[in-house]
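Read the structure below first, then the notes.
The values are calculated or read from the model by the stated rules, or taken from the named source; none is laboratory data. If you're wondering where the values come from, they're calculated on a predicted model, not measured in any experiment. So basically every Cβ, Gly included, is an ideal-geometry build from the backbone, and we count neighbours across all protein chains shown.
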């Protein structure tokens, strides 16, 4: 299957599946979230369960009136009650995806991580995957983790890989090329993640992750630019062709996220992984366009 080159292809892929996912939105009444909901309804990609507090519920009822077959509104007493209600709708099968609206991320995650009523199964690891459309790269690029895990352990790296490979498959990437990112190509005990990378590659060679190309440590330029790999004499199917970058810590992943957005004019979409259903937790600084494509990504992955 041809790799997806842009976010327009992402939407076409979702529409081709002819399945409309149900999205529970906690506090849907900020302009960007309302834009996402309106666009999704007009394009026919999803149905919505809107959980609104008493002060804002009327706005959601207007949306329901316009799309009565695709929108249902749930009124809660306060913003603090919205996240548990939205999480409950997903946990009990009424919705396929959870999305954050005008609510603090901490409040939403508290409900997501609740041991009794949340969306993280015992033994699972909460992580985050980003999908980027970068003008100077010839296909969409995934990377983790730019938002959740400060410094992954070996087993957290293992979980991140498994989650992200599944996302690759949902996007139609049957044999993903995955780069384990570092500042150089050397394995060095001063950088313990490079020791973990060796173990991850051994697991990949043993078939633990299915059909993938996994290599590293390597820097981002080597992973995404064949010429750089040739200059360094690195012979790997990953070099210049990475579908997925695994970063060693949140500082490097988040810096990459912000840098390609600001200086590289990249469009971004992202979601939480490891939960029983995708969770869309956009940043306040994300554009309406980014939030929309985050939902599209979650609908494909869910």
Considering the stretch 158-186, residues that are at pLDDT below 95 and within 15 Å of residue 218 (Cα to Cα), and then whichever is farthest from the chain's Cα centre (by Cα), we arrive at 186
Hits in the stretch 90-111 - residues which are under 19 Å from residue 147 (Cα atoms) and loosely packed, with under 13 Cβ neighbours inside 10 Å
106
In the stretch 40-62, what count of residues is obtained for those that are surrounded by fewer than 17 Cβ atoms within 10 Å (Cβ to Cβ) and closer than 16 Å to residue 11 by Cα?
3
Of all residues being out of contact with any helix residue (DSSP H, G or I) (no Cβ under 6 Å at 6 or more places or on another chain), modelled with pLDDT under 95 and in a helix (DSSP H, G or I) in the stretch 280-302, which is surrounded by the most Cβ atoms within 10 Å (Cβ to Cβ)? Just the residue, please.
290
Could you identify the single residue in 167, 187, 198 that is under 22 Å from residue 257 (Cα atoms) and either touching a residue at least 40 places away in the same chain (Cβ under 8 Å) or not in a strand (DSSP E or B) (or both)?
167
Show the residue pairs that are 6+ apart or on different chains and have beta-carbon atoms under 6 Å apart, the first residue being within the stretch 9-23 and more than 14 Å from residue 302 (Cα to Cα) and outside the structural domain of residue 98 (by TED's automatic domain parsing), the second being outside any helix (DSSP H, G or I) and at pLDDT 90 or above.
none
Would you please name the residue that is surrounded by the fewest Cβ atoms within 10 Å (Cβ to Cβ), looking only at residues in the stretch 201-226 that are in a helix (DSSP H, G or I), in contact (Cβ under 8 Å) with a residue 12 or more places away in the chain and out of contact with any helix residue (DSSP H, G or I) (no Cβ under 9 Å at 6 or more places or on another chain)?
226
Would you call residue 253 assigned by TED's automatic domain parsing to the domain that holds residue 158, surrounded by 20 or more Cβ atoms within 10 Å (Cβ to Cβ), in contact (Cβ under 8 Å) with a residue 24 or more places away in the chain and in a helix (DSSP H, G or I)?
yes
Lone unmet requirement of (1) surrounded by 17 or more Cβ atoms within 10 Å (Cβ to Cβ); (2) more than 19 Å from the chain's Cα centre (by Cα); (3) in a loop (DSSP other than H, G, I, E, B) for residue 114:
(1)
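A quick yes/no check of all residues on (1) surrounded by 15 or more Cβ atoms within 10 Å (Cβ to Cβ); (2) touching a helix residue (DSSP H, G or I) at 6+ places or on another chain (Cβ under 8 Å); (3) under 18 Å from residue 300 (Cα atoms):
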position: 123; (1), (2), (3): no, no, no
position: 156; (1), (2), (3): yes, no, no
position: 162; (1), (2), (3): yes, no, yes
position: 178; (1), (2), (3): yes, yes, no
Counted residues in the stretch 92-111 being in a loop (DSSP other than H, G, I, E, B) and out of contact with any helix residue (DSSP H, G or I) (no Cβ under 7 Å at 6 or more places or on another chain) come to 5
Report yes if residue 84 is loosely packed, with under 15 Cβ neighbours inside 10 Å, over 30 Å from residue 172 (Cα atoms), under 25 Å from the mean Cα position of the chain (by Cα) and in contact (Cβ under 8 Å) with a residue 24 or more places away in the chain, otherwise no.
no
Filter result for the condition that a residue is at pLDDT 95 or above and more than 21 Å from residue 17 (Cβ to Cβ), over 189, 152:
152
